[in-house]
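A.B. asks: Have a look at this one.
The values are calculated or read from the model by the stated rules, or taken from the named source; none is laboratory data. Just so you know, these numbers come straight off a predicted model, no measurement behind them. Reconstructed Cβ throughout: ideal geometry from the backbone, glycine too, with neighbour counts over all protein chains shown. Keep in mind that these areas ignore ligands, DNA and RNA; they rest on the heavy atoms of the full protein, side chains included. Shrake-Rupley method; radii C 1.70, N 1.55, O 1.52, S 1.80 Å.
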Amino acid sequence: MSTALADPLLRLLRQPSVRYLIIGQSCFLLDASVLYALHSLAGLELRTATAAAFGVAFAVNFLLTRSWVFRAHGLIGLHMLRYACLVGLNLGLTVLLIAKITGWGVPYLGAKVLCSVALFVVNYALSRYWIFREARPKPSAREPHVVIGRRWVQLRRQRCQVPGRRRSASSSTRNARPR
């Protein structure tokens, strides 16, 4: 692939929202494929196959979103709990929105697409700013610090001594030894 095409694609893939969309679509296809394999090929009952496919897609989506999209570390239990809350919220909103939109005369598959597009924006924002947000350490009051963007940087006081120079008068009187 030429660099003229590769560079813009790589820049696009660095965007968390694009990676989030890729993971979402991939997990949708995974969910549908596992459902088909379990129900149509393996003969598993539809409700059981649906639940199993959903579980597989849920786990893969969570792990890839956490590691590749938002590159979150630590707190996996808290992330999983928050993610499960979002999935529950999505289920409730999807059921309500599809019922409402189909009541307006929109076919159910069209309603599903509209609902998914609307929830994508909400899901991305909640994932980025609530679910996978990293806890930032608070600077202590005694340590000097400066805020750069969303991160704080601790300033360390380093005492540098120039060889051959004496300490200042204030520090030499504090540490004065009898001669």
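A.B. asks: Yes or no: Ala72 of a type in the set (A, V, I, L, M) and without any contact (Cβ under 8 Å) to a residue 60 or more places away in the chain? Show your work before the answer.
C.D. replies: Values: of a type in the set (A, V, I, L, M): yes; without any contact (Cβ under 8 Å) to a residue 60 or more places away in the chain: no.
Considered against the rule, which asks whether it is of a type in the set (A, V, I, L, M) and without any contact (Cβ under 8 Å) to a residue 60 or more places away in the chain, Ala72 comes out as no.
A.B. asks: So, in segment 40-66, how many residues would count as being among the basic types (Lys, Arg) and either under 29 Å from Arg128 (Cβ atoms) or assigned to a loop (DSSP other than H, G, I, E, B) (or both)? Don't jump to the end; show me each part of the working.
C.D. replies: Let us first name the residues in segment 40-66 that are among the basic types (Lys, Arg), namely 47, 66.
Subset that is either under 29 Å from Arg128 (Cβ atoms) or assigned to a loop (DSSP other than H, G, I, E, B) (or both): 66.
Here the count works out to 1.
A.B. asks: Given (1) under 14 Å from the mean Cα position of the chain (by Cα); (2) closer than 22 Å to Val117 by Cα; (3) open to solvent by 70 Å² or more (accessible area, probe 1.4 Å); (4) at pLDDT 90 or above, identify the lone condition not met by Leu81.
C.D. replies: Condition not satisfied by Leu81: (2).
A.B. asks: Just wondering, is there one or more residues in segment 90-104 that are open to solvent by 80 Å² or more (accessible area, probe 1.4 Å), in contact with a Ser or Thr (Cβ under 9 Å, 6 or more places away or on another chain) and farther than 26 Å from Trp130 by Cα?
C.D. replies: At the first step, the residues of segment 90-104 found to be open to solvent by 80 Å² or more (accessible area, probe 1.4 Å) are 91, 95-96, 100, 104.
Restricting the remaining residues to those that are in contact with a Ser or Thr (Cβ under 9 Å, 6 or more places away or on another chain) gives none.
Scanning segment 90-104, I find no residue that is open to solvent by 80 Å² or more (accessible area, probe 1.4 Å), in contact with a Ser or Thr (Cβ under 9 Å, 6 or more places away or on another chain) and farther than 26 Å from Trp130 by Cα, so the answer is no.
A.B. asks: Filter segment 40-75 down to the residues that are modelled with pLDDT under 90, open to solvent by 60 Å² or more (accessible area, probe 1.4 Å), of a type in the set (A, V, I, L, M, F, W, C) and farther than 20 Å from Phe120 by Cβ and list them by number.
C.D. replies: If the condition is that a residue be modelled with pLDDT under 90, open to solvent by 60 Å² or more (accessible area, probe 1.4 Å), of a type in the set (A, V, I, L, M, F, W, C) and farther than 20 Å from Phe120 by Cβ, then Leu46, Ala51, Leu75 are the ones that fit.
A.B. asks: Restricting to segment 5-25, give me the number of residues that are within 25 Å of Leu119 (Cβ to Cβ), in a helix (DSSP H, G or I) and open to solvent by 60 Å² or more (accessible area, probe 1.4 Å).
C.D. replies: Residues flagged as within 25 Å of Leu119 (Cβ to Cβ), in a helix (DSSP H, G or I) and open to solvent by 60 Å² or more (accessible area, probe 1.4 Å) within segment 5-25 amount to 5.
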